[in-house]
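What follows is a single structure, written as structure tokens, with notes after it.
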Amino acid sequence: MKISMPRLSGPEICDIAKMFGSTLEYAGMKSRWQYMFDLIDYGIKSGRIDSILAYLFDESNFVREANGLDKDEFERYRSKSIESALNRINTILHFGGNKLIINEKRVLLVSISPSTPEISVNNVKTIDRDYIKLLSDRAIANVDSGNYDSALTQARTILEETFDYVLEKQNIEPSDKGNINKLYKQVKDEYKMHENKNADKRINRLLSGLENIVSAVSEMRNKNSDSHGVGDRRLTIDKHHARLSVNSATTMADFILSVEKKANGEDGY
């Protein structure tokens, strides 16, 4: 299989740029890679390179290109494709004395000169409501086009990345990466989200319902999602079930972001 990022046309690259606030327009005068470099340049200058790369490197983008691969093969293919893409981007950034590197889940824009300190450090998974909406909109688009497997993968990604993010905001290393139920328990413990005996019982019932959302999304993804191939335990789901999964994960993520903002004293949570 050819190692490369999933193919994006010039108009598709421009559409992604607009999602992040760019005014980049497709005029048909440049190559796809030139439009991609315009997108990356915009991301660096606007400070949104973290969210843009998170969007581009999301595993759901690679699914259609990796039919027939098992989980380990898929991860190797995705990792090598991202590495190849960064190498091409860095051939351009080199002329400005900088380069992009990935350290675990972080994207760093660093100076090539060893005597110059890093000029920017961004988390590739910076999560806010705009980013959640981008993932949710993409997942719903997959639902509408019949790609339910990809939609389930994205629903789980919405939850997992949100849990990781709110833990990292407290300078806590997320444990049990890949186990979404244990991640959620860690979030509950850190943000004291356990049921309150003094709270209205209807509020407590709502909170207990969150457990069911996490468990259901995790199980549907594990048994039906494109990231684990086809097996005997594979489920057949309908369009409205896939949509429910995405919308439930989005609502849950929005709530968790609000919990984090309230805990850290932010207004407008």
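Sort through 138, 156 and tell me the only one that's modelled with pLDDT under 85, basic (Lys, Arg) and at negative phi. Even if it seems obvious, please write down each step before you answer.
Working: 156 fails: modelled with pLDDT under 85.
Answer to the selection: 138.
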Only residues that are open to solvent by 60 Å² or more (accessible area, probe 1.4 Å) and closer than 23 Å to residue 133 by Cα: list them for the range 148-176, please. 169
With criteria (1) within 14 Å of residue 151 (Cα to Cα); (2) at pLDDT 75 or above, residue 225 comes up short on (2)
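How many residues does the range 62-77 hold that are open to solvent by less than 40 Å² (accessible area, probe 1.4 Å) and at pLDDT below 80? Quick ask: steps written out before the conclusion?
Within the range 62-77, the subset open to solvent by less than 40 Å² (accessible area, probe 1.4 Å) is 62-63, 66, 74, 77.
Okay, now just the ones that are also at pLDDT below 80, so 63, 66.
Number satisfying all stated conditions: 2.
Please work out if residue 105 is modelled with pLDDT of 75 or more and either open to solvent by 20 Å² or more (accessible area, probe 1.4 Å) or closer than 15 Å to residue 56 by Cβ (or both). Give the derivation first.
Numbers: modelled with pLDDT of 75 or more: no; either open to solvent by 20 Å² or more (accessible area, probe 1.4 Å) or closer than 15 Å to residue 56 by Cβ (or both): yes.
Judged against the criteria, residue 105 is not a match.
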With criteria (1) among the basic types (Lys, Arg); (2) loosely packed, with under 12 Cβ neighbours inside 10 Å; (3) modelled with pLDDT of 85 or more, residue 80 comes up short on (2)
Would you point out the residue of the range 237-269, among those that are open to solvent by 20 Å² or more (accessible area, probe 1.4 Å) and of a type in the set (A, V, I, L, M), that is farthest from residue 153 (Cα to Cα)? 263
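Please specify each residue of the range 11-43 satisfying the condition of being open to solvent by 50 Å² or more (accessible area, probe 1.4 Å), within 20 Å of residue 90 (Cβ to Cβ) and part of a helix (DSSP H, G or I).
Within the range 11-43, the subset open to solvent by 50 Å² or more (accessible area, probe 1.4 Å) is 11-12, 15, 18-19, 21, 23, 25-27, 29-34, 38, 41-42.
After this cut, where a residue has to be within 20 Å of residue 90 (Cβ to Cβ) as well, the list is 30-34, 38, 41-42.
Residues satisfying the conditions are 32, 33, 34, 38, 41, 42.
The values are calculated or read from the model by the stated rules, or taken from the named source; none is laboratory data. This structure is a prediction, so every number in the text was calculated from the model and none was measured. Every residue, glycine as well, gets a Cβ built from its backbone with ideal geometry; the counts of neighbours run over all protein chains shown. With ligands, DNA and RNA removed, areas are computed over all heavy atoms of the protein, side chains included. Shrake-Rupley method; radii C 1.70, N 1.55, O 1.52, S 1.80 Å.
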